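S.K.: First, the structure itself, so that you have it in front of you.
Each value in this text was obtained by applying a stated rule to the coordinates, not by laboratory testing. For clarity, every value in this text was computed on a predicted model and none was experimentally measured. Note that we place each Cβ from the backbone using ideal geometry, even for glycine, and neighbour counts take in every protein chain shown.
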Amino acid sequence: MLPKSIYIASLQPRAGSLIISIGFMEMLKGRYQRVAFFRPIIPDGEMREGDIDFMLQHFGLDIPYAECCGFPVSDYAKAYAEESQEELYEALIHKVDQLHKHYDFVLIEGYPRNLFASVFDFDINLKIARNLGTVFIPVLNAKGKSSSKLIHEIQIISETVHTEGCTLLATFVNQCDSTVIGTIKAYLDAQTTEEQVYLLPTLEELETPTLAQVITVLQAKMLIGNPKQLEHLVYGNKIAAMGVENYLTRIKTGDLIIVPGDRIDIILASLFAFHAKNHPNISGMILSGGITPSPQIITLLEDFHTIPVPILSVESDSYQTAIALEHVTAEITPESTRKITLAKGLFDASVDKLKITQRFQHSPQEMVTPMMFQYRLFEQARSQRVRIVLPESSDVRILRATEILIHRDIVEVILLGDPLEIEHQSVLLGLNLSQTTIINPHDKALQEQFARRFYAIRRDKGLTLDVARDAMTHLNYFATMMVYEGMAEGMVSGAIHTTTDTVRPALQIIKTTPDISIVSSLFFMCLADRVLVYADCAINLDPSAEELAQIALSSAETASQFGITPKVAMLSYSTGSSGSGPEVEKVRRATQLAQTARPDLLIEGPIQYDAAIDPKVAQQKLPQSKVAGEATVFIFPNLNTGNNTYKAVQRATHALAIGPILQGLRLPINDLSRGCLVEDIVNTVAITAIQAQQEVQS
């Protein structure tokens, strides 16, 4: 059985081992509760190693920085010079063994071979991997190479790894040109070996520096701008030394403009050109020579509704600044949200994760961390991609979430809005939404089609055709009708609309499932070591016993859909027969109804929260219960209790609360909180997609 560790190493300059490490770390965090990251070789003289810092911050790894570090390059050179390398390897093995004692899996990233090629005439990463007894993943840089050269390198690496006595898990070839991928795949398909080779195509965005990296290298100051704009990619730079007319004909999209701070004409022309729809969109401006505009000009610029690009200032002159820009390299940092999304999407699209996981040790886990739950959501949604319509394209959060969803290949996104406006807004935000379907909700033909369909559905309720037509001018009604008509499998709204605005069209058009008469909601509460279900925390003010029973059954069914074994606790201020009162009796009656309807489910009530979740309290209050102390689904007696409890737990424990998720509808419609984050939107869309998959399968 293979050890629970993987060793990833770049064999060539800028091969991209961090990208591969990000993909593996996300995959491992989806399977294991505690994953460690380790770099056996670290550079000399650096206070903090960049890749270690990235992994600790982005993945929230619970491991001290010092435990992630092996030894600096100079220690290895000294050990080999003094022929004491065995002692160094023993110390290294001890460090990794300590990690294995406290963590479920160790992901090891080697140091690029080219950085110590002048010190060693062999690949020290292979020697370390062999001594640690771990499987090995080499990473090649395919940039500028022919298919024949890459095939030769793949063969050489395979032979070298086996000769060294290491186990080759897979070979990754990064930055492949589209012209070579087909030829290499044909060669690999003709081989009888079981060795896995993964070809990752070139993504220019990952090889392009951001404004944040420019600021770091140039020690620039931001005069005007939004910190989020620092993710803008810098594809080139131009020194603006000519008149406005000639300048505008020479700039390209993604250029960083270097201009003296007293050239107000160039500054204003750049801002006007950005807002114009048929002109290139620069990434930013650097005012050189330490010259900044006067306070009056700064005030004028700040009076713009939005400044689309940041304006920076440096002390160096334009020529010196242009030279310094040549030394800015593209890196992925914890702040590079867009690049991280692209890297993960690239890995997901290029790697057969099921096949590769079969090559290293499996370990079933009872605990589920928030990252595990999110990872499984994305994997399940991706397994059968469906179409989800997002009607609120005017909200920046929706557009940012859309880019993540399409780059991670989670769903097919349909946005409602004017295509030109959405395209213009995405350009201003630096987003790539080219793979998104955009439908104009003001399309008269669709509005009329939907209005007549809505009228046919509701005319028995007194709806007139004129009122139906008016309804279809509202985004949520239009989007809900798209789901009803099969143009989309689900809908998510609520970033700028109320819950009522989202739920009312669903109740009138989609309606409830035949066995459920009430629409309810739940939250997935992702705690540090498990995921719980809280219901109903958003919809029903004071449900009756009959309604509470249906909420319990709906919640148990939803929990099962998402891999959570339902053990249902019907919450009250009393446990068992210890108390009485109208509220207690309501919960007791709801429990009986739910148990009668689904005798196969584990349902306990009335029960207090502490008895439902704490095994020690459960042993005292309900020692014979199969739910007490182990509950996974918590049904609150009313909205006041449920809403306050979920928010208290969320804030006190820093839990990830995903929801509200609507249940009981025939087709999936879900509501967002108006204070939602981009991450919340992505999670809710993934959940909606999984609900839609269940409908398709049924």
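S.K.: Two-decimal Rg/Rh of the range 555-594 from alpha-carbon positions, Kirkwood Rh?
M.R.: Numbers: Rg = 12.4 Å, Rh = 11.4 Å.
So for the range 555-594, dividing Rg by the Kirkwood Rh gives 1.09.
S.K.: I need the Kirkwood Rh of the range 520-662: take the reciprocal of the average 1/r across all distinct C-alpha pairs and report it in angstrom. Numbers along the way, then the final one.
M.R.: On the way: mean 1/r = 0.0684 Å⁻¹.
That comes to 14.6 Å for the range 520-662.
S.K.: Taking square-rooted eigenvalues a ≥ b ≥ c of the alpha carbon gyration tensor, is the range 375-452 rounded, prolate or oblate, where a/c under 1.5 means rounded and, failing that, a/b exceeding b/c means prolate? Before the final figure, lay out each step's value.
M.R.: On the way: a/c = 2.70, a/b = 1.31, b/c = 2.07.
Taking the square roots of the gyration eigenvalues as a ≥ b ≥ c, the range 375-452 is oblate.
S.K.: From the square roots a ≥ b ≥ c of the eigenvalues of the alpha-carbon gyration tensor of the range 370-510, which class results: rounded (a/c under 1.5), prolate (a/b over b/c), or oblate? Provide the component values of the computation, followed by the final result.
M.R.: Numbers: a/c = 2.23, a/b = 1.56, b/c = 1.43.
Here the range 370-510 falls in the prolate category.
S.K.: Take every DSSP beta bridge with both residues inside the range 211-325 and express the antiparallel ones as a percent of the total, to the nearest 5.
M.R.: Details: 3 of 15 bridges.
If we restrict to bridges inside the range 211-325, about 20 percent are antiparallel.
S.K.: When the expected Rg is taken as 2.2 N^0.38 Å, what fraction or multiple of it is the alpha-carbon Rg of the range 6-138?
M.R.: On the way: Rg = 14.0 Å, N = 133, 2.2 N^0.38 = 14.1 Å.
For the range 6-138, the normalised Cα radius of gyration is 0.99.
S.K.: I've got another one for you. Only counting other Cβ atoms within 10 Å, I'd like Leu662, Leu56, Leu312 sorted with the fewest neighbours first.
M.R.: On the way: Leu662 27, Leu56 18, Leu312 24.
Ordered by Cβ neighbours within 10 Å, fewest first: Leu56, Leu312, Leu662.
S.K.: Work out which chymotrypsin sites (Phe, Trp or Tyr not before Pro) in the chain are exposed loop sites (DSSP not H, G, I, E or B, at most 13 other Cβ within 10 Å) and give the longest gap free of them. Numbers along the way, then the final one.
M.R.: On the way: sites that count: Phe122, Phe304.
No qualifying site falls inside 305-698, the longest such stretch.
S.K.: DSSP beta bridges in the chain, what fraction antiparallel, as a percent rounded to 5? Write down the numbers at each step before the final one.
M.R.: Numbers: 16 of 76 bridges.
So the antiparallel bridges amount to about 20 percent of the total.
S.K.: Return a single number: how many Lys pairs in the range 5-204, at a sequence separation of 8 or more or on separate chains, have alpha-carbon atoms below 23 angstrom apart.
M.R.: Total qualifying Lys-Lys pairs in the range 5-204 comes to 9.
S.K.: For Asp610, Asp680, Asp600, what's the fewest-to-most ordering of other Cβ within 10 Å of each Cβ?
M.R.: Fewest-to-most ranking of Asp610, Asp680, Asp600: Asp600, Asp610, Asp680.
S.K.: Another question, then. Which shape class, rounded, prolate or oblate, goes with the range 211-325 when its Cα gyration tensor gives a ≥ b ≥ c as root eigenvalues, a/c under 1.5 marks rounded, and past that a/b bigger than b/c marks prolate? Before the final figure, lay out each step's value.
M.R.: Numbers: a/c = 1.17, a/b = 1.10, b/c = 1.07.
Verdict is rounded for the range 211-325.
S.K.: Using the Kirkwood radius over C-alpha pairs as Rh, can you work out the diffusion coefficient of the range 78-199 via Stokes-Einstein at 37 °C, viscosity 0.692 mPa s, in µm² per second?
M.R.: Working: Rh = 16.3 Å.
Here the translational diffusion coefficient equals 202 µm²/s.
S.K.: Still on this structure, please answer the following. Given charges of +1 on the Cβ of Lys and Arg and -1 on the Cβ of Asp and Glu, with all other atoms neutral, how large is the dipole of the range 211-325 about its Cα centre, in debye to the nearest 20?
M.R.: Values: 7 positive and 9 negative charges, 61 e Å.
Roughly 300 debye, rounded to the nearest 20.
S.K.: Counting pairwise Cα distances across the chain, what percent come out greater than 42 angstrom?
M.R.: Details: 97147 of 243253 pairs.
The calculated P(r) of the chain puts 40 percent of pairs beyond 42 Å.
S.K.: With just the Cα atoms of the range 30-70, tell me how far they stretch along each of the three principal axes, in Å, largest first.
M.R.: For the range 30-70, the Cα extents along the three principal axes come out at 35, 17, 14 Å.
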